[in-house]
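Remarks on the structure that follows.
The values are calculated or read from the model by the stated rules, or taken from the named source; none is laboratory data. Since this is a predicted model, take the numbers as computed values, not measurements. Glycine also receives a Cβ, built like all others from the backbone with ideal geometry; neighbour counts cover every protein chain displayed.
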Amino acid sequence: MPLGRLVPLKMLKNVYRGLQNARLARQVGPVRRVDRVAPVPGRRLVALTFDDGPSAAPLRPSLRAGGTVSGTIMDLMKRFGARGTFNVIGTTRFNYPDRPGRLGGVFWSGIRFDHYPEYGRDDWAGVLAQPALARRLVDEGHELSNHGFTHLAFGPSLYGNGSRAYLPGLDAVIADLRTQHELVRETTGFAMRLARPPHYIERTADGRSAYDAYRVLGYTYLGASFDGGGWQASSGDYEADVEMMVRPLAAALAADPEVLNGGILFEKDGYNMSAQSPVADGLKRHLEILRDYGYEVLTASELLALSPFSDIGPAHPIFPQAKALLEAGHLVTFADNHVRPDSRLTQADLEALCVRGASCGALSLATDRGFATPPVLGAAGLLLRFAGSPTGRNLAVAGSATELSARGLAAVCLDYLGSVVLPEDEAARRRALLTGLAARFSGGWALPATRAEVIAMIAATLLGV
């Protein structure tokens, strides 16, 4: 008997997500998946994200007559002073031959392909068919994120969607994303920096992943921490469908008003699986509830600009240095967007922290496909001095997983500052920052360095922060 019949699908997804999160917690690279960020003290902030538009599909049915899905969403966002992130597609008009599925079922919009907003009406959705809607989104202060040109999955699904077509490999995924990136740029002038895989399927058919594709294109992976609904099959009662969207958000905030602070919410920019648009009325209720709890609704990029990390916020002692290194292109976080400041840092971690450029670890991948320039090694001189120091030579023998001592790294940083050309007062200021760090961290220089200590030392040495 197939495993899917013995174990509920939701349980399989939860097990897979748990394994995936454990892997991301160990992985360091230029692409980080952001599901939520640490709260900003004194404010309640949330990002709303909308998938699968822009959509000129007529509302169906609605408590209010007239209007289109994306137009109604934009009207509501403007009324509440909110800005959102729209994960836009190019078009599904080329996803034929196909045939429609059963209304209310998983494949309702097509047996082999997705069709947005519904089968046979691909001209109602996507940037290619709806350029005016895409331009209006940008003009009204929203941001666009890459959800794929064709909305084909990056690879086969793990959950039994055997009939669904998918892209044949990483090269095809990159080409699809690049087509969408250029379409959006030429249509709206907006350069996308975020991306979300169709159906969150990350693994490609040739064993690579969304992280490899996003690394080439310089994207941050936009996840989500709360499902706003609006995509499930109808219950048969439209008002009940709207209530089904609203109830989970209202209950979550009633239990803990801070639960969505720093969160990223998923919303639907299109029809649900019954070809209806409860988002047209459910979103208004969402925005009312968020307003009543004092939330500001921002784009994902605005949220990330204020608080880029998932585990340390602006009040954390190491936040200014970590943010400065991140903005300078250094690999400060693990792939799950956590800094983990209290964990011990290894030689391999140090090498990642000293690398700048979105092509880290993927030079051959990028240059083979002609999509990226070689990575720029920030602190190359620092790394070379570290490798030549007694500590570095010992580590070369011991292996890259060996923990570093704060004292050994500090000595290398001070030696490096003595070799670079800086104004005398600036060099003196950076040396003072380094020597003063011992008093800030309780671990002491002789003990293995924490990530916080090393971030502080690298930021002081390279950036003077």
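Quick notes
- Any hit, region 237-247, residues being in contact (Cβ under 8 Å) with a residue 24 or more places away in the chain and among the basic types (Lys, Arg): no
- Figure legend. Inter-residue proximity from region 178-196: first residues modelled with pLDDT of 95 or more, second residues surrounded by fewer than 17 Cβ atoms within 10 Å (Cβ to Cβ) and among the charged types (D, E, K, R), beta-carbon distance below 6 Å, spacing 6+ or different chains. Indicated pairs: THR188/ARG135; ALA191/ARG185.
- Filter result (within 18 Å of ASN337 (Cα to Cα) and either assigned to a loop (DSSP other than H, G, I, E, B) or without any contact (Cβ under 8 Å) to a residue 24 or more places away in the chain (or both)) within region 210-230: GLY218, TYR219, GLY223, ALA224, SER225
- Among the residues of region 418-443, those that are of a type outside the set (Gly, Ala, Ser), modelled with pLDDT of 85 or more and in a helix (DSSP H, G or I) comprise GLU424, ASP425, GLU426, ARG429, ARG430, ARG431, LEU433, LEU434.
- Test result for ASP349, in contact with a strand residue (DSSP E or B) (Cβ under 6 Å, 6 or more places away or on another chain), within 23 Å of PRO448 (Cα to Cα) and at pLDDT 50 or above: no
- Condition check for THR450: modelled with pLDDT of 85 or more, farther than 11 Å from GLN321 by Cα and hydroxyl-bearing (Ser, Thr, Tyr): yes
- Qualifying residue in region 158-177 (condition: touching a residue at least 60 places away in the same chain (Cβ under 8 Å) and under 15 Å from PHE86 (Cβ atoms)): no
- Screening region 1-81 for helices (runs of 4 or more DSSP H) wholly inside it with 3 or more residues that are at pLDDT below 95 and surrounded by fewer than 23 Cβ atoms within 10 Å (Cβ to Cβ) returns the ranges 3-6, 9-24.
- Among the residues of region 155-172, the one identified as crowded, with 22+ Cβ neighbours inside 10 Å and small (Gly, Ala, Ser) is GLY155.
Each row is one residue, and each column tells you yes or no for (1) crowded, with 19+ Cβ neighbours inside 10 Å; (2) in the same structural domain as GLN276 (by TED's automatic domain parsing); (3) closer than 30 Å to ALA275 by Cβ.
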{"position": "ARG135", "(1), (2), (3)": "no, yes, yes"}
{"position": "ALA153", "(1), (2), (3)": "yes, yes, yes"}
{"position": "ILE174", "(1), (2), (3)": "yes, yes, no"}
{"position": "ARG185", "(1), (2), (3)": "no, yes, no"}
{"position": "TYR219", "(1), (2), (3)": "yes, yes, no"}
{"position": "GLY236", "(1), (2), (3)": "no, yes, yes"}
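- Test: residue in region 256-273 that is hydroxyl-bearing (Ser, Thr, Tyr) and at pLDDT 95 or above: yes
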